[in-house]
Amino acid sequence: MLNEESSNIETSVDNFAKIKKIPVDPVYRAGLVQALNQIHSYEKLFSQVDYIRKEAYDSANQKHEVLLQELWDLLQPDRLLPERISKHWGDIGFQGDDPKTDFRGMGLLGLINLVYFAKEHNSHALQALQHSHHPKYGYSYAIVGINLTSMAYELMNNGLLRVHFYNNQDDSNFNLLHFNEVYCFLFSEFDDFWMKSEPENVMAFGEIRSNFLLQLEENLTKTPAKMSLIIRK
């Protein structure tokens, strides 16, 4: 039944009840249809997220290049990038002169997340970028951002994001925008968590990430109904 398209779930529920000769209360039926729609939509969204993750960044793909340039323009609105291969990418937290090598783990999904955060929550993104340049507590903005894409993916894959999606969306038609918003929440909250941790250096990233994830997982597990992964305005 879960392989049915959303529009066919109601029919499937009715057919199942008819075949099994089960009388279905209208209220129960509505709840069952909604639950099945949510499960179906969640799995469908994860398939989309996974598909994008598996698409490697390709510098020969003009759409990929435009998206990368957009990231620079959003985070460095007053600076022109002098050339495509440039040490200036380090100013927004990439490791080398060509950012394409940093997207290997999360593919195009990492770039899409970074651009969405910078576009839709620009003040939060710029604040995090500013924090990343802190003389003592700085970190590599883009690299951390890609790592947080991995975290969001892991949370969706292991099902811990289900309750958030089921409880905090107006309908059951989950899409990439909803995943992007979870990512933005993670980035904003992690940036705050990192700064409050006052790490000795960037080598503390692994430990701080683990502590942040543990706290997040505990909240999602113990008080899921109260946990909303929506970025604070």
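The values are calculated or read from the model by the stated rules, or taken from the named source; none is laboratory data. Source: prediction; values computed, not measured. Heads up, the Cβs are rebuilt from the backbone with ideal geometry, glycines too, and the neighbour counts pull from every protein chain shown. For the accessible areas, the whole protein counts, side chains as well, though only heavy atoms, and no ligand, DNA or RNA atoms are used. Shrake-Rupley method; radii C 1.70, N 1.55, O 1.52, S 1.80 Å.
For the pair residue 221 and residue 84, what calculated FRET efficiency results from E = 1/(1 + (r/R0)^6), where r is the Cβ-Cβ distance and R0 = 41 Å, to the nearest 0.05? Intermediate results must be reported in sequence, preceding the final value.
Numbers: r = 44 Å, r/R0 = 1.08.
Computed FRET efficiency for residue 84 and residue 221: 0.40.
Judged by the mean number of other Cβ atoms found within 10 Å, the most tightly packed of the peptides 101-108, 57-64 leads the ranking 101-108, 57-64. Label-to-label distance, residue 198 versus residue 158, with points set 7 angstrom from Cα along the beta-carbon direction: 3.0 nm. Entry comment: accessible area of segment 135-206 is 42 Å² per residue, from protein heavy atoms only and a probe of 1.4 Å. Can you list the residues of segment 174-211 with backbone N under 17 Å from a point 7 Å past the Cα of residue 119, pointing along Cα to Cβ? Under 17 Å, as judged by backbone N against the label point of residue 119, lie 175-185 of segment 174-211. Annotation: Cα Rg of segment 65-155 relative to the compact-globule expectation 2.2 N^0.38 Å equals 1.00.
Set the Förster radius R0 to 25 Å, insert the Cβ-Cβ distance between residue 50 and residue 173 as r into 1/(1 + (r/R0)^6), and round the FRET efficiency to 0.05. Intermediate values should be presented prior to the final figure.
Values: r = 19 Å, r/R0 = 0.74.
FRET efficiency, residue 50 to residue 173: 0.85.
Placing a label point 7 Å from the Cα of residue 131 along the Cα-to-Cβ line, the residues of segment 171-201 whose backbone N sits under 12 Å from it are 185-199.
Show me the ranking of peptides 190-196, 203-209, 139-145, 82-88 by mean Cβ neighbours inside 10 Å, starting with the highest.
The most tightly packed comes first, giving 139-145, 190-196, 203-209, 82-88.
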